[in-house]
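In what follows, a structure is listed as structure tokens, so that the remarks can point back to it.
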Amino acid sequence: MSDFLLYAETGLNHGLSIRSFFLIIFAFALAIPYSVKDWKKVLGYCLVFSVGYVLALVLSAFGIVIIKSNIISILIPVTILIVAFYNLFTAGKAPKKDPGNLIGFILFFFGVIHGLGFTGYFESLFFGKESHTVVLLLEFSAGLIAALLVNMVLFLILSYIIHTFFQFAKRDFVLVLSAFVIGVVVPMIFGNIIWE
């Protein structure tokens, strides 16, 4: 049990550190349009994203799926940009029914992309422990998923404070913060090594 806690704690610490900037900013972008009362929907989105994330880690750790790191390094900020633009275009509009659960599929796909981007770090962290790769991966992933949930909860609390105490209109809140995310991510996309 102590090994589980050790690797889960390593995953949690990594997911909450600034080194995981993309995971944090993705959680932030995803949480922007939601409030505390939407916690079940946000939890569901986190779980769908996490399934894609863990699946990609497993497939990549065993060499089943291999994608060049420079391609993944551009796709990760692009996924964040897509979420931020989605927030911009749907801000203040009543949610429509999504019979095909398109958002869930997109979040699963984004989880796969983010998981593939994390593979190099995972391999460097657990180099030489191939015999227990799946167990280590699942233990570490439990910590990362916990970090994602912590980030989402913190953003929902921040959202609640801003809406309650500062009387910031929800639509304006979504527009301003989504524009902020776009402003952070666009320079990362254009400054990416893929363009050199």
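Taking only pairs six or more apart or across chains, which ones have beta-carbon atoms under 6 Å, a first residue in region 30-49 that is in contact (Cβ under 8 Å) with a residue 24 or more places away in the chain, and a second residue that is not in a helix (DSSP H, G or I)?
Filtered contacts from region 30-49: Val42/Tyr34.
Please find, within region 52-64, the residue that is nearest to the chain's Cα centre (by Cα) out of those that are among the β-branched types (Val, Ile, Thr) and buried (at least 16 other Cβ atoms within 10 Å of the Cβ).
Val54
Name the residues in region 138-169 that are in contact (Cβ under 8 Å) with a residue 12 or more places away in the chain and loosely packed, with under 13 Cβ neighbours inside 10 Å, would you?
Residue satisfying the conditions is Ile157 alone.
Values quoted throughout were computed directly from the atomic coordinates according to the rules given, and no laboratory measurement underlies them. Values in this document were obtained by computation on a predicted structure and should not be read as measured data. For neighbour counting, all protein chains shown are included, and Cβ atoms are generated from backbone atoms with ideal geometry for every residue, glycine included.
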